[in-house]
Amino acid sequence: MREFWLLLIMAILVLITTPEVDAATADPRGTVLRLFNQYDLVAIPEFHRAKEVHEFLQSLVRDRRLTKQHVTNIVVEFGNAKYQDVADRYVFGGQIPRAEVEKIWRNTTMFLVWDSPLYEEFFQTVREVNMRLPRSKKIRVILGDPPIGWEIVHTKSDYERYADRDLFYAEVVEREILNRGQKALLIAGGIHFINSREPKKQVPDRKRSAADLLHRRHPGKLFAFWHTREPIAGQRCGSPCVVVARGTRLGSESFAPFAPKGMLVQKVVDGEKQWVPLETSDWPSVVEMADGLIYFGANLTTIEPAAATYLDSSYVKELRRRVPILSEVYGMDFSKELDEALSRQGSH
């Protein structure tokens, strides 16, 4: 009997002393989904065109625990809000011509980014899952990119009316989710979910990330992850590795090891303003920048657009029309990016 009680005490001690985060990461999807017990919004960062990331995202959509948590909305960056009606009809099972559906991701404010088949596959996955769900639990995909109408965009000023992408995304979440008392999984590039792109500097709302805006306007409603290209030290988990930072020792550590590489900020150097790389000392703690971390692996697989994408001459013609507009807005030569994309597909 004495040995029994000793074994029981030892087992309890193991449970008490084992870090909660390690137990959680044994089930990465479960770690994400359990957060909906406390938060209305959970944000997952996306590495654009990364196969491993989209496998995880699709696994979340397919996980029956998602709708059991009353999550029936997913807000995505990779869709033009102008086509919300098309997206609704498509993911709910309507028969929509592919030429209409593909406008969702082809006609966003971004250039070429969403031509990878991964984005079309995401919408298809939601559609397939909805086929087996009752009407009350069907998942809606809400498009979070500004409703740009490229047919009326001819100049830099025309485009700039739609350039506040983070602000628009945050407002969509407010209007479609929070104001309706609902829950949502949020998906966008990581830079939209990092709390601050310029730590230690006050910036106007139009320069804040979507996560920063939502945290400020709706405290306690959002849990936002940041993706790291480096393994998370001290964590016994594979890939993906999902770690909660808020309320853990990790949260108090410096964000520097996980910070996005190559970010520049303006600083006064020798009396002049210059763009310089962010230094380690520029970054605050992990929890000041993100609520949790996700590691998808060291070597991600990029899925390029299918060859047929750029065999569509009308689409390529429209892309070439957009090039000078976007080049003027962002100060970079988008024609090179388009030519590279065409050359990779072996079509001009």
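Only protein heavy atoms count here; under a 1.4 Å probe, HIS154 has an accessible surface of about 120 Å². Calculated accessible area for segment 185-249 comes out at 47 Å² per residue, all protein chains present (probe 1.4 Å; ligands, DNA, RNA ignored). Annotation for ARG180 and ARG34: the two label points, set 7 Å from Cα along the Cα-Cβ direction, are 2.9 nm apart.
Tell me the mean residue ellipticity at 222 nm calculated for the chain from its helices only (DSSP H runs of n ≥ 4, each -39500 (n - 2.57), averaged over every residue, nearest 500). Walk me through the numbers on the way to the answer.
Numbers: 15 runs with 135 residues, N = 348.
Using -39500 (n - 2.57) per qualifying helix, the result is -11000 deg cm²/dmol.
Distance between the 7 Å Cα→Cβ label points at LYS51 and GLU340: 2.1 nm.
Could you tell me the center-to-center distance, by alpha carbons, between segment 209-256 and segment 42-94 in angstrom? With segment 209-256 and segment 42-94 each reduced to a Cα centre, they are spaced 20 Å. The length gained by stretching the chain between ARG249 and ASP270 to full extension, at 0.36 nm per residue less their Cα-Cα distance, is 3.7 nm.
Please find the FRET efficiency linking GLN124 to LYS317, where r is the Cβ-Cβ separation and R0 is fixed at 22 Å, and quote it to the nearest 0.05. All intermediate terms of the calculation are to be shown ahead of the outcome.
Details: r = 27 Å, r/R0 = 1.22.
It comes to 0.25.
The gain in end-to-end length when the GLU160 to GLU230 segment is fully stretched comes to 21.7 nm, 0.36 nm per residue minus the alpha carbon separation. Subtracting the Cα-Cα distance of THR301 and MET332 from 0.36 nm times their residue separation leaves 8.6 nm of extension gain.
Spatial offset of segment 312-348 relative to segment 110-168 amounts to 20 Å, using the alpha carbon center of each.
Modelled label positions at PHE92 and SER281, each set 7 Å beyond Cα in the direction of Cβ, lie 5.7 nm from each other. Counting only heavy atoms of the protein chains and using a 1.4 Å probe, GLU304 has close to 70 Å² of accessible surface. Expressed as a whole percent, the accessible surface of segment 67-154 that belongs to carbon and sulfur atoms is 52, based on a 1.4 Å probe.
Computed from the C-beta positions of LYS68 and ILE191 and an R0 of 41 Å, the FRET efficiency is 0.85 to the nearest 0.05.
The values are calculated or read from the model by the stated rules, or taken from the named source; none is laboratory data. For clarity, every value in this text was computed on a predicted model and none was experimentally measured. Don't worry about glycine lacking a Cβ; one is built from the backbone with ideal geometry, like all the others, and counts go over all protein chains shown. Side chains included, ligands, DNA and RNA excluded: accessible areas come from the protein's heavy atoms. Shrake-Rupley method; radii C 1.70, N 1.55, O 1.52, S 1.80 Å.
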